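Down below is the structure, laid out as structure tokens.
The values are calculated or read from the model by the stated rules, or taken from the named source; none is laboratory data. The structure displayed is predicted, hence computed values, not measured ones. In this analysis, Cβ positions are derived from the backbone assuming ideal geometry, glycine residues included, and neighbour counts consider all displayed protein chains.
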Amino acid sequence: MDFPEPIPVTVIAERINAKLVGDTSLKVTGINEIHQVRPGDITFSDLEKYFKKALDSIASVVILNKEAACPAGKALLICPDPFTAYDQLIRTYRPFHPLTQAIDPTAEIDPTAIIEPNVVIGPHVKVGKHSHIQSNVTIAEYTIIGNHVTIQSGAIIGTEAFYFKRTPEGFLRWRSGGRVVIGDHVDIGAGCTVNKGVSGDTSIGNGTKLDCQVQVGHDVAIGERCLIAAQVGISGNTVVGNDVILYGQVGVAQNVHIGDGAVMLAKSGTSKNLEAGKTYFGAPASEARSAFRELAALRHLPEFLSNFYRGR
């Protein structure tokens, strides 16, 4: 998430009541989770075993709950609860604005776009040329929609990330400061839901087509020219390469990478990375030919066991 303008790290330290260690002259330009950070960003860690990953990242400022050696050119913000401090910054610099009308006045909609009745468009949304938003679609804050995009009725774009912290009092929701960014010539079917990023972007590449009732989790990056059939679910932080096909009811776990040109056949599921250019089947998914041979062998297992015991 980008801040509206660069902010001195001293101001950030004061806002979250943190001890400032390191380069006090820094100005921060955004805030992101560790896997999304860029130079100028703030990130955080509240577990000591992950401190090194945060400190070695390209983030300029790291929020920690214990003091540590500060790398040259960086700044540390020490406070008791980095998660809460981080969430506080998101809420401060991207505050929640409830809708008061169907189309927010800050939305930028190209004159050639078709917006059907009962469409809801939130703050700071952009809709590109010749895009068609069908009735009863909701497009939440900061979503970017490219040119020649079709979004069918009932789709919801930019829902809050399913992202919570477990505490003794229950689950705390983290305010989603990210966006959804949709490329050109994308089709999104009826009833689809696309979560915005926690702090970065959920993205759908040029020419990709989603069938009805597809769920795309937070910070997912879907490449170009993908085909994703009905009832597919893609969990957060997953990367789907270009020219990938996911058939109906495929399930993909979080933090998975699916290589370019991979195909997952219907009802398959994976929690591990899949290589490019191969076809997969099953749950857990394996190469389709191997999976089919295993299924064929299983069909002969009763006969094999019967013959085995008869021969004893």
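Among the residues of segment 64-96, write down those that are closer than 17 Å to Arg175 by Cα and either assigned to a strand (DSSP E or B) or not aromatic (Phe, Trp, Tyr) (or both).
Once the filter is applied, which keeps residues that are closer than 17 Å to Arg175 by Cα and either assigned to a strand (DSSP E or B) or not aromatic (Phe, Trp, Tyr) (or both), segment 64-96 yields Asp81, Pro82, Thr84, Ala85, Asp87, Gln88, Leu89, Ile90, Arg91, Thr92, Arg94, Pro95.
Take the residues in segment 253-266 that are closer than 16 Å to Gly205 by Cβ and hydrophobic (A, V, I, L, M, F, W, C), then tell me which one is surrounded by the fewest Cβ atoms within 10 Å (Cβ to Cβ).
Looking at residues that are closer than 16 Å to Gly205 by Cβ and hydrophobic (A, V, I, L, M, F, W, C), I get Ala262.
Going by the structure shown, is Gly248 over 22 Å from Ile133 (Cβ atoms), surrounded by fewer than 19 Cβ atoms within 10 Å (Cβ to Cβ), without any contact (Cβ under 8 Å) to a residue 24 or more places away in the chain and in the same structural domain as Asn147 (by TED's automatic domain parsing)?
So Gly248 does not fit the description; no.
Counting just the residues of segment 33-88 that are among the hydroxyl-bearing types (Ser, Thr, Tyr) and crowded, with 22+ Cβ neighbours inside 10 Å, which one comes out farthest from Pro8 (Cα to Cα)?
Among them, the one singled out is Ser45.
All but one of (1) polar (S, T, N, Q); (2) under 23 Å from Val149 (Cα atoms); (3) under 17 Å from the mean Cα position of the chain (by Cα) hold for Asn255; which doesn't?
Condition not satisfied by Asn255: (2).
Tally time: how many residues in segment 152-171 are without any contact (Cβ under 8 Å) to a residue 40 or more places away in the chain and either polar (S, T, N, Q) or part of a strand (DSSP E or B) (or both)?
10
Which one of the conditions (1) within 23 Å of Val220 (Cβ to Cβ); (2) in a loop (DSSP other than H, G, I, E, B) does Pro117 fail to meet, given that it meets all the rest?
Checking Pro117 against (1) within 23 Å of Val220 (Cβ to Cβ); (2) in a loop (DSSP other than H, G, I, E, B), the one that fails is (1).
Is segment 296-308 home to any residue that is surrounded by fewer than 19 Cβ atoms within 10 Å (Cβ to Cβ), part of a loop (DSSP other than H, G, I, E, B) and not acidic (Asp, Glu)?
yes
Can you tell me how many residues within segment 46-66 are closer than 17 Å to Thr84 by Cβ and either among the hydrophobic types (A, V, I, L, M, F, W, C) or modelled with pLDDT of 90 or more (or both)?
8
Under the condition of being part of a strand (DSSP E or B) and among the aliphatic types (A, V, I, L, M), which residue from segment 172-190 is farthest from Leu227 (Cα to Cα)?
So, considering only residues that are part of a strand (DSSP E or B) and among the aliphatic types (A, V, I, L, M), the one farthest from Leu227 (Cα to Cα) is Leu172.
Considering only segment 32-42, state which residues are at pLDDT 90 or above and in contact with a strand residue (DSSP E or B) (Cβ under 6 Å, 6 or more places away or on another chain).
Asn32, Val37, Gly40, Asp41, Ile42
Does any residue of segment 276-295 turn out to be among the small types (Gly, Ala, Ser), within 17 Å of the chain's Cα centre (by Cα), at pLDDT 95 or above and part of a loop (DSSP other than H, G, I, E, B)?
Within segment 276-295, none of the residues are among the small types (Gly, Ala, Ser), within 17 Å of the chain's Cα centre (by Cα), at pLDDT 95 or above and part of a loop (DSSP other than H, G, I, E, B).
Here are Leu265, Leu274: which of them is aliphatic (A, V, I, L, M) and touching a helix residue (DSSP H, G or I) at 6+ places or on another chain (Cβ under 9 Å)?
Leu265
How many of the residues making up segment 138-151 are surrounded by fewer than 23 Cβ atoms within 10 Å (Cβ to Cβ), touching a residue at least 24 places away in the same chain (Cβ under 8 Å) and assigned to a strand (DSSP E or B)?
Selection size over segment 138-151: 2.
Restricting attention to segment 223-234, and to residues there that are within 17 Å of the chain's Cα centre (by Cα) and surrounded by fewer than 19 Cβ atoms within 10 Å (Cβ to Cβ), which single residue is farthest from Glu287 (Cα to Cα)?
Restricting to residues being within 17 Å of the chain's Cα centre (by Cα) and surrounded by fewer than 19 Cβ atoms within 10 Å (Cβ to Cβ), the top hit is Glu224.
Kindly check whether there is at least one residue in segment 210-222 that is closer than 27 Å to Lys129 by Cβ, surrounded by fewer than 18 Cβ atoms within 10 Å (Cβ to Cβ) and modelled with pLDDT of 95 or more.
Looking through segment 210-222, at least one residue is closer than 27 Å to Lys129 by Cβ, surrounded by fewer than 18 Cβ atoms within 10 Å (Cβ to Cβ) and modelled with pLDDT of 95 or more.
With the checklist (1) aliphatic (A, V, I, L, M); (2) more than 22 Å from Ala155 (Cα to Cα); (3) surrounded by fewer than 18 Cβ atoms within 10 Å (Cβ to Cβ) in hand, flag the one item Leu274 doesn't pass.
(3)
Just checking, how many residues over segment 6-52 are assigned to a helix (DSSP H, G or I), of a type in the set (A, V, I, L, M, F, W, C) and farther than 27 Å from Thr238 by Cα?
Summing the residues that are assigned to a helix (DSSP H, G or I), of a type in the set (A, V, I, L, M, F, W, C) and farther than 27 Å from Thr238 by Cα in segment 6-52 gives 4.
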